[in-house]
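What follows is a single structure, written as structure tokens, with notes after it.
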There are 2 protein chains.
Amino acid sequence: MDDVASTSVPERKRGSGVKMVYELLRDEILDLVLPPGSPIDEVQLAERFGMSRTPIREALVRLAGEGLIDTLPNRSTMVSNIDFLNLHTFFDALVLMYRVTTRLAAQYHRAEDLPVIRAHQARFAAAVEAQDALAMIATNAALHSAIAEAGRNPYYISLFNRLLSEGRRILRLYYQSYGDRLPQQFVDEHEDMIAAIEARDIEAADRLAKEHAEQIVRQIQTFFSRNERLDMKL
Amino acid sequence: MDDVASTSVPERKRGSGVKMVYELLRDEILDLVLPPGSPIDEVQLAERFGMSRTPIREALVRLAGEGLIDTLPNRSTMVSNIDFLNLHTFFDALVLMYRVTTRLAAQYHRAEDLPVIRAHQARFAAAVEAQDALAMIATNAALHSAIAEAGRNPYYISLFNRLLSEGRRILRLYYQSYGDRLPQQFVDEHEDMIAAIEARDIEAADRLAKEHAEQIVRQIQTFFSRNERLDMKL
DNA sequence: CGCCGACTTCTTGTCGACAAATAAAATACA
DNA sequence: TGTATTTTATTTGTCGACAAGAAGTCGGCG
């Protein structure tokens, strides 16, 4: 009908365009609005956002740096595929980072971190209540990211955020096929983890994070091995 | 002979400029040729490499993505500082990644990985023999990176490489002040680790990596705490 | 009928130029 | 003389245009 974003050119500020494009594309990729393999056309994006190709390009370089898009030299660029064959490496790193970040949060968190964490947990519980899969996935990632922040190790934070991002795509795929049935159990497990963090019980935090992570991983692995023939390129 | 980079415009190939600038700047930063805080001027680099600002900019965006340079919006961009106050987070992550990657290498390496690893180890031994600190630091990073590659977990590989990069700057600072006295001990420890990997002895690989890493960390921490007043901005 | 080569087209990579934002310098004023 | 304000200068952010590289297309030839 009408061009979605052609006429609105709302006088962006100087440095804001890149960030906006980056975050929007990022969310669209992670929510599978742009499924793996989708072609990314620079001029098309330039038209859509009403700006030149230069800032678009910068956003794409950043996304490529995080492995969210793949760029073939001189040829096309597209949303990166999910490597189903090596999912175990992803799960291995995910479980380890769950443990390490939760452990460090119990050790190093400050008083002002807990309200932030609890706020995320509240949003997560609300999403589960509303059976909103997309919101539940996003708030789950935000919650664990906040816990990692409280651990105050930028290297772990960085890797964990990347894993959580990739996890958003995989979880979306999982709950999509699973009929979006969202268990209350995760909310309770989160509560226990937060309590352990607040009590500064490092070993308990580690153990709870390990169980929490391994349980999720087990569910998803079961699902993906059941649909073995899902080795489509997608 | 000729001016280093003024008249020679050797017809680079289309996509090669960015990579070249990226790698060169990266090495100059990690070898402290460009010390922390050095200003990065785009036009100056453009003249130096005989190209436009666009590819320079792309290389800088990538470097910023890895935390090697900091960019103040609309103002200057400079080599990122080393955060001496939070070195413990760096060491914590470094030790963990040493362990995990070596462990996985023992578990998942293939026959063709070992010659590569041994080649790096030979170069490392040669650098120690020659008492060449810069080469020793670089080959050490390359060796451990190769071990991580044999572990075949891209997430760990990515974080570990970032840690090894940052480590190159810190080690450079360390050996610089230490009179570049290079111990033979590291060569032997590497040999033991490689042997454990080859024997697929996972627990031994883990233990050796842990001891190796903690010993290095201890040395550097002692050094830095002795020079406590090194809390200069540098 | 099928294979090989020139051509077209489409996307990316690079360029030079201009505009905005900020810091530094210069000026005016109390 | 010290401070506020204007001016200048420098660096970044953005733009439109052009050229190179690669896939697809079409025609020619065996």
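Assign unit charges at the C-beta atoms only (+1 for Lys and Arg, -1 for Asp and Glu), then state the dipole size of the protein assembly as shown relative to its Cα centre in Debye, rounded to the nearest 20. If you can, show how the numbers build up before the last one.
Details: 56 positive and 68 negative charges, 122 e Å.
For this selection, approximately 580 debye.
The angle between the Cα long axis of helix B:133-151 and the main principal axis of chain B comes to about 70°, on a 0 to 90 degree scale.
When chain A is treated as a Gaussian network with alpha carbon springs shorter than 10 Å, the biggest mean-square fluctuation among A:ARG200, A:ARG12, A:ARG123 belongs to A:ARG12.
Descending by average beta-carbon neighbour count within 10 Å, the peptides A:23-34, B:154-165 line up as B:154-165, A:23-34, the highest first.
Measure off, as a whole percent, the carbon and sulfur share of the 1.4 Å-probe accessible area of region A:15-164, all protein chains present. Mind dumping the intermediate values first?
Working: 3610 of 6630 Å².
Ligands and nucleic acids excluded, carbon and sulfur reach 55 percent.
Between the residues A:LEU114, A:VAL95, A:ILE40, the greatest Cα displacement towards the positive end of the dipole of region A:34-154, with unit charges on the Cβ of Lys, Arg, Asp and Glu, is found for A:LEU114.
About its Cα centre, the dipole of region A:112-177 is roughly 200 debye, where the only charges are +1 on Lys and Arg Cβ and -1 on Asp and Glu Cβ.
Between B:SER177, B:SER145, B:ALA199, the Cα set farthest toward the positive side of the dipole of chain B (charges on each charged residue's Cβ, about the Cα centre) is that of B:SER145.
Taking the centroid of alpha carbons for each part, region A:59-112 and region B:140-168 are 16 Å apart. Rounded to the nearest 20 debye, the dipole size of region B:84-230 about its Cα centre is 480 debye, using +1 on the Cβ of Lys and Arg and -1 on the Cβ of Asp and Glu. Its Kirkwood hydrodynamic radius, worked out from the mean inverse distance over all distinct Cα pairs, puts region A:16-79 at 11.6 Å.
Using the alpha carbons of the protein assembly as shown, what is the convex hull volume per residue in cubic angstrom, as a whole number? Display every interim value, and only then the final one.
Values: hull volume 90.4 nm³, N = 468.
It is 193 Å³ per residue.
Taking packing as the residue-averaged number of other Cβ atoms within 10 angstrom, the listed peptides B:38-46, A:71-79, B:209-217, B:96-104 run from highest to lowest as B:96-104, B:209-217, B:38-46, A:71-79. Taking amide H positions as modeled 1.01 Å from N, with prolines and chain starts lacking one, the residues under 5 Å from B:ILE40 and 5 or more places away or on another chain are B:THR77, B:MET78, B:VAL79.
Sorted from nearest, the other copies put their A:GLU112 label points 5.3 nm away, the label point being 7 Å from Cα in the direction of Cβ. With its label point put 7 Å out from Cα toward Cβ, B:SER76 sits 4.5 nm from the same residue's point in the other copies, in order from shortest.
For region B:23-153, the normalised intensity computed at q = 0.10, 0.12 Å⁻¹ comes to -0.46, -0.65 (log10 of I(q)/I(0), Debye sum over alpha carbons, equal scatterers, no solvent). Take B:ALA126, move 7 Å from Cα toward the beta carbon, and the resulting point lies 6.3 nm from the same point in each other copy, nearest first.
Taking one quarter of the surface of the C-alpha convex hull of region B:84-230 gives a mean projected area of 7.8 nm². Estimated from helical segments only, the mean residue ellipticity of the protein assembly as shown at 222 nm is -22500 deg cm²/dmol, where each DSSP H run of four or more residues counts as -39500 (n - 2.57).
A full extension of the chain between A:ARG226 and A:GLU191 corresponds to an added length of 9.5 nm, given 0.36 nm per residue minus the alpha carbon distance.
Considering only B:GLU66, B:GLU149, B:GLU166, the Gaussian network model of chain B with Cα springs below 10 Å gives its largest mean-square fluctuation to B:GLU66.
The values are calculated or read from the model by the stated rules, or taken from the named source; none is laboratory data. Predicted model, so just to flag it, every value in this text is computed and none were measured. Backbone-built Cβ (ideal geometry, glycine too); neighbour counts: all protein chains shown. Side chains are part of the model used for accessible areas, which takes the heavy atoms of the whole protein and leaves out ligands, DNA and RNA. Shrake-Rupley method; radii C 1.70, N 1.55, O 1.52, S 1.80 Å.
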